[in-house]
Amino acid sequence: MRLSDLCLRLFYVDAVLELLAPWVFPDLRYATKPLLMLLLAGYVGLESKSLLVVLFFAWLGDVFLLIPGDNPLFFQLGLGSFLLMQIAYIRLFHLRSREIWHWSLGAIMVYVVTLLQFLWPHLAEGLRIPVVVYAVALGAMLYFGVKLSDKLIFWGALLFVISDSLLALGKFYYPIPGNSFWVMSTYILAQLLLITRLRKLQLTN
C-alpha cells in the first residue's frame, strides 16, 4: 500500500474519532484534531507544495483554536491562520479559472453582508475588523471555487462556508447544542473534498 493511500485511510479513522471524541473522551481531541491536516499532508506528499501550504495554515488554525481558555489571542491567531489558508485556496482556484466573472457573486456578497450584520452587535470591538476581513476572504474563496464549475470543488467550498458560519454563530451569538459535531463534520468533509480534488487535478495536468 502506498503511503498516500495509507494516510487517507488513517484520515478517515481519525475523522471518526474526532467527531466521537466530545461524547466519548473529550481530551482525545488534542490528538485527533491536529492529526487531521497532518494525515492529509501525508496523502498529498511532496508532489504539491501549494497544497502543503494550504494544509500547513489549516493545521495552525486547528491548533490555535484547540487551545483551551478564553484568551482572544488564540482565536485571533487561529483566524489569521485560516485567513492565509483561504488566500492560498483562492490562488489555487484562480489559477484554474477561465471565467472572468460568475453570476453567483451577488448572492455570495448578500450572504456575507447578512452574516456580518447579524454577528456585528455580538462581536467584541477588537474582533470586528478581523472577522470582517475573514468573512470577505471566505466569501471570495467560495466565489472562486464556484467559478471553476467543478462539483467537488463547489461542495467543498460551500461546506467550508457552512462550517465557519456555524462556528461564528455558536461562538458569538448562541451556544448551539452539538454545534462542535456539525462544525467539524462539515469542515472535515470540506477539506477532504478540496484537497483530494485539487491533488487529482494537479496530477492529471
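A few notes on this one:
- Approximate spin-label separation Tyr30-Val133, in nm, with each point projected 7 Å along Cα-to-Cβ: 3.1
- Mean separation of Cα pairs under 8 Å and 6 or more residues apart, divided by the residue count, gives the range 49-205 a relative contact order of 21 percent.
- Within the full protein context, the accessible area of Lys147 is estimated at about 10 Å² for a probe radius of 1.4 Å.
- Computed from the Cβ-Cβ distance with R0 of 35 Å, the FRET efficiency linking Tyr12 to Ile67 stands at 0.85.
- Tail weight of P(r) past 20 Å, computed on alpha-carbon pairs of the range 1-112, percent: 55
- Between the C-alpha center of the range 75-120 and that of the range 1-44 there is a gap of 26 Å.
- Among the listed pairs Lys33/Lys151; Lys151/Lys200; Lys49/Lys147; Lys151/Lys171, those beyond 21 Å (Cα-Cα): Lys33/Lys151; Lys49/Lys147; Lys151/Lys171
- Distance between modelled label sites at Leu20 and Leu105, nm, 7 Å Cα→Cβ extension: 4.7
- Highest mean packing first, where packing is the average number of other Cβ atoms within 10 Å per residue, the peptides 159-166, 68-75 line up as 159-166, 68-75.
- Taking the charge dipole of the chain about its Cα centre, with +1 at Lys and Arg Cβ atoms and -1 at Asp and Glu Cβ atoms, the residue from Thr186, Leu119, Leu198 reaching farthest to the positive side is Leu198.
- Solvent-accessible area assigned to carbon and sulfur over the range 82-176 amounts to 72 percent, based on a 1.4 Å probe.
- Packing, taken as the mean count of other beta carbons within 10 Å per residue, orders the peptides 77-83, 115-121 from highest to lowest as 77-83, 115-121.
- Counting charges near Arg91 (Lys, Arg +1; Asp, Glu -1) among other residues having Cβ under 14 Å from its Cβ returns a value of +3.
- Whole-angstrom Cα spans of the range 105-163 along principal axes, big to small: 38, 19, 15
- Kirkwood hydrodynamic radius over Cα pairs of the chain, then Stokes diffusion coefficient at 25 °C and 0.890 mPa s, in µm²/s: 140
- Placing a pseudo-label 7 Å from each Cα along the Cα-to-Cβ vector at Ala124 and Arg2 gives an inter-label distance of 4.6 nm.
- Net charge dipole, the chain: roughly 600 debye, given to the nearest 20, about the Cα centre with Cβ charges of +1 for Lys and Arg and -1 for Asp and Glu.
- Rounded to 0.05, the FRET efficiency of the His94 and Leu203 pair, given R0 = 22 Å and the Cβ-Cβ distance, is 0.65.
The values are calculated or read from the model by the stated rules, or taken from the named source; none is laboratory data. Here the structure is a predicted model, which is why all the values come from computation and not from measurement. Counting neighbours? That spans all protein chains shown, and the Cβs are built from the backbone with ideal geometry, glycine included. The protein model used for the area step is the full one, side chains on, heavy atoms only, and it has no ligands, DNA or RNA in it. Shrake-Rupley method; radii C 1.70, N 1.55, O 1.52, S 1.80 Å.
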